[in-house]
1. Considering only helices (runs of 4 or more DSSP H) fully contained in region 72-182, which possess at least 1 residues that are closer than 19 Å to P9 by Cβ and open to solvent by 40 Å² or more (accessible area, probe 1.4 Å)?
2. I'm trying to understand the selection: among the residues of region 444-467, which are modelled with pLDDT of 80 or more, open to solvent by less than 50 Å² (accessible area, probe 1.4 Å) and either among the hydrophobic types (A, V, I, L, M, F, W, C) or over 27 Å from A354 (Cα atoms) (or both)?
3. Can you tell which of Y278, Y220 is open to solvent by less than 10 Å² (accessible area, probe 1.4 Å), among the aromatic types (F, W, Y) and over 19 Å from F481 (Cα atoms)?
4. Can you tell me how many residues in region 363-377 are in contact with a Phe, Trp or Tyr (Cβ under 7 Å, 6 or more places away or on another chain) and surrounded by 24 or more Cβ atoms within 10 Å (Cβ to Cβ)?
5. Which condition from (1) modelled with pLDDT of 90 or more; (2) within 30 Å of L167 (Cβ to Cβ) is the one that G251 breaks?
6. Looking only at region 41-71, how many residues end up being surrounded by fewer than 17 Cβ atoms within 10 Å (Cβ to Cβ) and either more than 23 Å from the chain's Cα centre (by Cα) or at pLDDT 90 or above (or both)?
7. In region 72-97, what residues are at pLDDT 90 or above and among the hydrophobic types (A, V, I, L, M, F, W, C)?
8. Condition first: farther than 20 Å from L480 by Cα and open to solvent by 10 Å² or more (accessible area, probe 1.4 Å). Now tell me which residues in region 294-332 satisfy that.
Amino acid sequence: MLVWLIIIPVLAAFLIGLARFPARPVSLLAAAFTLVLGVAAVVFYDACPEWWSCVGGIPLQLTLGPPLAKVMVLLSVLVTFGAVVGLKAPEGAQKSWCVSTLLISAGAAGAFLSDNIISFFAFHELALIPTFVMIGRFGRGDRRSIAWRITLYLGAASMVLLAGLLLLGAQMGFNFTQIAQSAALGGELEYPFATAALLLGGFGTLISLFPFHSWAAPAYASAPAPVAMMHAGVLKKFGLYGLFMIGSALGPQIAAFSGLLNDILLVCLLGNVIWVGYVTVNQKRLDSLLGNSSVMHMGYIFLAFAAYVACGGQNEWAVRGAALLMLGHGLSIALLFLLAARIEDRTRTLEISALGGLASKLPVLGFLFGLAALASIGLPLLANFPGEIAIFFSGFWGWRPSEGILALGHVQIATIVALWGLVISAVYMLRAFRSIFEGETSRASERAAGGFCGRDLAAAGFLAFWLVFFGLCPFLIAGLFS
């Protein structure tokens, strides 16, 4: 059953690209099938057999056993369905857009389902290819320069990561389950610092960890809407997922990430939250604002990993908070990129200063954008809030108030500083909403007409529903980790 989450989108992409089947019906059907299968697998996995194969003598296993894998697969199928339903390609480009979206979905699903760390890496790399191609062919602005930049950044990061994974595999085994078994039997990393440094460097750059983040915001701003939705919403979680999976498998060996490396990570993640947050406040275009906002919010999830490492892998709040925020952020940023594309379709601009009073012309779009913006800044009862609050609690795991502020460790201090990011994100999101949707109607907004079509409303409403649902029922996700 699990393998079909990969086969269905790949087969649909083949039928569209080579067999000349109609792009939209086939992609919609594939997205609907993967949605049903993905939700069923998450809910009923105990009844699903694991799938084994062998390529070049390397055993490959697809599994949905780890709770974090279930959350990531759920996020993948939800965002894929929203992206395909809301897909609106320019003339003559629908086939390329549909194929790319489906291939990114297949690569993400394969990475999250893989127990073997090499196939885990390979699926992610396959998903990056359509991202490069789509930005180079259909992106906004200086798309070719941006495509080359992300190719160089992510190519270098992938080589560093592959070296780290090979070094880890040579010491502990090439499957997450093998690594966990080896650690449980007393196996130790022979090169702990080098292994941890390579993994943090590779994963960190792929997730746009400061200061190796400058590729991300321009890439998302330039990318076509479905690619931005899939990459920022789903594929970007690959590195964080990998860090938590490797960390949980290593058990006591997670100490390899502690000490100097964890302190460096704390400084870098505060760069994401504070520095990139202020950069986001200064953005003049909505697409650039959303791209930088996505980079900023990765800092919170890195904070969860730092807290997890500092507690020797015994911090339950950190894992649950990271899972909840990855799910909430993936849904909210995908919805925001979808709505930004609809604003551009109707006004022919994403310059914030050129927009104004758009809510009077497109009230449904204004409501949904406001909902997604409030979710992004962590409003209670929406999906991002449970994850953010759990991560902030995780930063104080093991600290007792009776010990006083002098007993605060590096993670606690970083958590206190990171709280300022909540204020920063509220400033840029609420100011953007006010400038775009309120006030006097601008000339660009006057051109907007027609409201939401059924396709737009279905895609945006679908993602908005899950934002509210998981905000009201976060225990459904947190319960997976019990």
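1. 94-113, 117-138
2. Once the filter is applied, which keeps residues that are modelled with pLDDT of 80 or more, open to solvent by less than 50 Å² (accessible area, probe 1.4 Å) and either among the hydrophobic types (A, V, I, L, M, F, W, C) or over 27 Å from A354 (Cα atoms) (or both), region 444-467 yields A459, A460, F462, L463, A464, L467.
3. Among Y278, Y220, only Y220 is open to solvent by less than 10 Å² (accessible area, probe 1.4 Å), among the aromatic types (F, W, Y) and over 19 Å from F481 (Cα atoms).
4. Here the count works out to 2.
5. Unmet condition: (1).
6. Going through region 41-71 one residue at a time, the tally reaches 15.
7. Within region 72-97, M72, V73, L74, L75, V77, L78, V79, F81, A83, V84, V85 qualify.
8. Selection gives A310, C311, G312.
The values are calculated or read from the model by the stated rules, or taken from the named source; none is laboratory data. Computed from a prediction, not measured in an experiment: that's the story for all the values here. Neighbour counts run over all protein chains shown; Cβ positions are idealised from the backbone, glycine included. All accessible areas refer to the heavy atoms of the entire protein, side chains included, with ligands and DNA or RNA removed. Shrake-Rupley method; radii C 1.70, N 1.55, O 1.52, S 1.80 Å.
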